Amino acid sequence: MTTAVASDRLSPKDYASDQEVRWCPGCGDYAILKAMQKTFADLALAPEKTVFISGIGCAARFPYYMATYGFHTIHGRGPAIATGVKLANPDLDVWVITGDGDGLSIGGNHMLHVLRRNVDLQIILFNNEIYGLTKGQYSPTSRRGTRSPSTPEGSIDNPVSPGAFALGAGARFVARSIDTLQPHLIGVLKRAHAHRGASFVEIFQNCLVFNDGTFSAFTDRKVAGDMQLHLEHGKPLVFGKERNRGIRLNRQELRVEVVTIAENGVTEGDILVHDETNRILAAVLMELEPPEFPVALGVVYCDPAPTYENEALVGVAEGGAAGVGLNAVLRTGRTWAVEA
Amino acid sequence: MASPTVTQRDVGGREIRDSVVIRFAGDSGDGMQLAGSQFAQETAMAGSDLATFPDYPAEIRAPAGSTFGVSAFQIQFGSDVMTPGDELDVLVAMNPAALKVTIPDLRIGGTVVVDTSAFTERNLSKAGFEENPLEGDTLAPYQVLKIDITKRTLDAVEGLGLTQKEAQRCKNMWSLGLMLWMYSHDRTATIDWLKGKFAARPAIAEANTAALNAGHAFGETAEMPGHGMGYTVAAADLEPGLYRTVTGTEALAWGLLAGLRAAGLDRLMFGSYPITPASPLLHVLAHFKPYGVVTFQAEDEIAAICSAIGASYAGALGVTSSSGPGIALKTEALGLAIGIELPLVVINSQRAGPATGMPTKAEQSDLFQAVYGRNADAPLPVIAAATPSDSFAVAIEAVRLATKYMTPVMLLTDGYLSSAAEPWLIPDAEAVEPFPVTFRTDPKGFHPFVRDPKTLARAWAVPGTPGLEHRIGGLERSYDSGHISYDPENHQKMTEVRAAKVARIADDIPLQDVAVGEERGAMVLVGWGSTFGPIHQAVRLLLAEGCQVSHVHVRYLSPFPRNLGELLKGFDRILVPEMNTGQLVTVLRSTFLLPAEGLNKVTGKPFKVSEIVDAVRSRLEM
């Protein structure tokens, strides 16, 4: 739990460290950093109770730029280190910053387990579908055919979908946003922070140098209205510039389809309504991809469950059990006295 | 042990012996480990000194009757015991395979007890016997007790409502009963233990007790051939006080608790991934929640150490444990802990390798890995436990060094020490000298790598502390600010200060002592770890013969005690017995430029005392 500090006039700058930010000019990471600092200012979070933990990669530099506690660790291991932090002190507010390579390739195993255990962390995965820091090799989220220094003829691996992976791992909170979509991203970060348990957030982040425009099919302003489905709990899955398109369930074929309201007898009542607690619906939403479908953004799934550290620490004495005698432990079982 | 030259007998006609070695051997499902450890318990309570050697296959239930599936438990007990013994006086062989594998270890004239009903044609063939050894003269050098243990067990438990299979499984208790009779030991502790273990199934407890009593009665009722089958073993001349038996694993766990208390820390976070033979430490520590211990069974070895690093970062005592292959996986994270300078205790229960090797067999072949086995210049202190009970003090020392010097500490033990038991004069765990940790709280002049000028340890600044918010990581840090630094001179300086910090520990550890013998002489035997028992016993025997030999046993393997080099120079020859192909000997030679010589054994079994005695004799031309 994080306690708010007693100030109502905090600005994002109050959460910026004194370190010079060293991402490439125009990198999407700047926008994410800005959104994070704004989130902290809006929620007036206590810097001394906050820890940012990262692995390796461009995104992993993030902790150096926040005026909180920060730990830049080793490749892919952020979730494991964060688990140890929470088991030592569950009162700390811990954020894990990772990328598609760090979190889903070298650290994929840890990601699986931290999600299924439901450790109370905010896990923010910057997905740019490329290895940036090592100069442009394809990543586990790169689409088939990605040409890169290590795949000159195009990659042949099938990509992993971060959101579908998280759901499959048993995550209880899965959300998505876009680096440049500032108010939306801040809203998602606030929801992730409010959620108790592992909150998994995938941010589509543009790598200007090695993979520019990889998400333009749904992030370009011209197409955003038609290619982004902004989710709201209890609201119909409606999108489009005219707000007249929607997602309908085709019951005969057990799939979803895009329909236009007021055409072919379609009414708003035919459109699926978003339910954050419906895991099956969440899985369906994760499958939606351009060009046939818009990309689902916002809180896709949120269904809280007991957190790992709360259960793991039941019965663990505080204060090193200073009052409990150790000599009794050494005398458990059979003992015998040797007389002088 | 030297055998007595003149047989002494007590008033009942039993032969009096200084010590006796017995081994229970059978299939891995025969309950030999249980029979052996209960025998050890009763022996300890009878006032004997003892050392045990559980030796079992890696397979959980190896195919019945196979030679590779033989599980054995060896114990030496008597007045002054340092090792599980070189030669067996008594062998209990539950089937032909157990006989085949273990008979070479039985001394000429020793006793072998066999379960005749297990010597079927099928079992004989599985064990590779062409003829039944019970019928030929191959066992002529031994006293053979042919007993139908299976039938007698079934008779003893008849009418108690057990299935045939359940009834047969009581035969280990029958054998135990006979052995307890043979040494006039009590059965009370075992009967109580059976009651507790099978509390939910009273019939099983009752049947096992009946089998135990029947075995004992069999010895008692003169069905034994001849006289003097039993022995009276001299009790140990132990220091007065309260005793218990302890395994290396238990002593380690309790030492960690005592260290946690001495450091004044709130929590011990033990991150571990199951691996033979290290897992029992996880099992023991999982019971200590009321003492501030949280255990975390991680998804892999890397997560295990990383969770411990995260816990130390947040102000707890992070501990991780594994065996060599797992330590290899933890190596990158170990470098992180060295670089960011956080306390961490890393325990390696060494086993025979490389790769999977022989998981249940002990070796000392990870010394190089501990001292040198990391990328880059990454020094850390390395210490080793010598005996099961020594693990208690060594664990406390690991916590002290880790917290005082803000460094990972490697604690070496091995598969033998982990499971071996010995009697232990229970120490006062609350009298451990405290070494309280001070967390940094003052923001004035703070940066994360501000150092104590004496120890060179950096400040431990824990998240949650107002005003100390800072960022650290694997990238090189500025000596003056802790910020990321690629400055060439700074890297030189930081590399040197990390090395100097570990080197200075040599000023904060005891000088090397001589375990037995003079400080000068013809030869010194230098050991480390679990070879303590056989080396010590060998040196005592040689001293009794008038040899000018000494035993030096090194607990602090990196850095070495300040006087070690000078001490070793006082001897004409240096012999280093190790269960590897020559690791400490290489470190000693390179550190001190001394002509040390190795005595090496890598069979997965501990040294025999005689092997060391012979090696010394041949070198000193005696």
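What to note about this one:
- The protein assembly as shown - Rg and Dmax from Cα coordinates, angstrom: 33.2, 111
- Taking every residue in A:268-280 and counting other chain Cβ atoms within 10 Å of its Cβ, the average works out to 0.
- Coordinate range along principal axes, alpha carbons of the stretch A:48-104, Å, largest first: 29, 22, 13
- When Rg and the Kirkwood radius Rh are both evaluated on Cα atoms of the stretch B:324-415, their ratio Rg/Rh stands at 0.96.
- Plainly put, the stretch B:312-471 has a radius of gyration that is 1.02 times its Kirkwood radius, both from alpha-carbon atoms, as the Rg/Rh ratio.
- On full extension, the segment bounded by A:R251 and A:N158 gains 30.6 nm, given 0.36 nm per residue less the C-alpha separation.
- Computed from Cα positions, the angle between helix B:301-313 and the longest principal axis of chain B comes to roughly 50 degrees.
- The Cα center of the stretch A:254-278 and the Cα center of the stretch B:440-456 differ in position by 62 Å.
- Taking all C-alpha pairs of chain A, those more than 26 Å from each other amount to 52 percent.
- Cβ neighbours within 10 Å from other chains - mean over B:465-472: 6
- Solvent exposure of the stretch A:12-214 amounts to 32 Å² per residue of accessible area, where only protein heavy atoms count and the probe is 1.4 Å.
- The Cα-based radius of gyration and maximum Cα-Cα distance (Dmax) for chain B are 26.5, 87 Å.
- Taking a straight line from the alpha carbon of B:K195, these aspartates and glutamates sit under 12 Å away, with near neighbours fewer than eight places off in the same chain left out: B:E206.
- Measuring spread by the Cα atoms of the stretch A:12-214 yields a radius of gyration and Dmax of 15.8, 50 Å.
- The heavy atoms of A:H233 offer some 100 square angstrom of accessible surface to a 1.4 angstrom probe.
- Taking packing as the residue-averaged number of other Cβ atoms within 10 angstrom, the listed peptides A:70-82, B:64-76 run from highest to lowest as A:70-82, B:64-76.
- Per residue convex hull volume, Cα atoms of the stretch B:1-116, in Å³: 111 Å³
- Close amide H pairs (under 5 Å, H built 1.01 Å from N) link B:L145 with B:V112, B:V113, B:V114, residues at least 5 positions away or on another chain.
- Loop trypsin sites (Lys or Arg not before Pro), the stretch B:531-622 (other Cβ atoms within 10 Å of the site Cβ: 15 or fewer; DSSP): B:R562
- Neighbouring partner chain Cβ atoms per residue of A:103-114, average, 10 Å criterion: 2
- Legend: residue pairs A:K13/A:K38; B:K100/B:K126; B:K151/B:K197, Cα-Cα distance threshold 20 Å; pairs beyond threshold, B:K151/B:K197.
- For chain A, the relative contact order comes to 14 percent (Cα pairs under 8 Å, sequence separation of at least 6).
- A simple packing score, the average count of other Cβ atoms within 10 Å per residue, orders the peptides B:384-390, B:328-334, A:142-148 as B:384-390, B:328-334, A:142-148, with the highest score first.
- Estimated translational D of the stretch A:193-282 in µm²/s (Stokes, Kirkwood radius over Cα pairs; 4 °C; 1.567 mPa s): 84 µm²/s
- CD proxy at 222 nm, helix term only [per DSSP H run n ≥ 4: -39500 (n - 2.57); per residue of the protein assembly as shown; nearest 500]: -9500 deg cm²/dmol
- Mean separation of Cα contacts under 8 Å, 6 or more apart, over the residue count of the stretch B:1-113: relative contact order %: 31 percent
- In nm, spacing of pseudo-spin labels at B:L475 and A:A283 (7 Å Cα→C-beta vector): 4.2 nm
- Compactness relative to 2.2 N^0.38 Å, alpha carbon Rg of the stretch A:226-340: 2.12
- Ranked packing of B:519-531, A:301-313, B:238-250, most packed first, by mean Cβ within 10 Å: B:519-531, B:238-250, A:301-313
- Note that the stretch B:391-504 carries a Kirkwood radius of 16.9 Å, evaluated over its alpha carbons pair by pair.
- C-alpha center-to-center spacing [the stretch A:176-248, the stretch B:109-176] in angstrom: 74 Å
- With every protein chain in place, the stretch A:12-214: carbon and sulfur % of accessible area (1.4 Å): 55 percent
- Folded to 0 to 90 degrees: helix A:28-43 orientation relative to chain A principal axis, Cα: 60 degrees
- With Cα atoms defining each centre, the stretch B:583-605 and the stretch B:229-267 are spaced 30 Å apart in the structure.
- Nearest-ten-degree value, helix A:182-194 long axis tilted from longest Cα axis of chain A: 30 degrees
- Quarter the surface of the alpha carbon convex hull of the stretch A:87-195 and you get the mean projected area, 7.7 square nanometres.
- With the alpha-carbon atoms of the stretch B:470-622 aligned to their principal axes, the span from lowest to highest coordinate is 63, 32, 24 Å, starting with the largest.
- Three principal axis lengths of the stretch B:246-352 [C-alpha, angstrom, descending]: 32, 31, 20
The values are calculated or read from the model by the stated rules, or taken from the named source; none is laboratory data. Just so it is clear, the structure is predicted and the values come from calculations on it, not from any experiment. Positions of Cβ are generated from backbone atoms using ideal geometry, with glycine treated the same way; all protein chains shown enter the neighbour counts. In case anyone asks, the SASA skips ligands and DNA or RNA and just uses the protein heavy atoms, side chains included. Shrake-Rupley method; radii C 1.70, N 1.55, O 1.52, S 1.80 Å.
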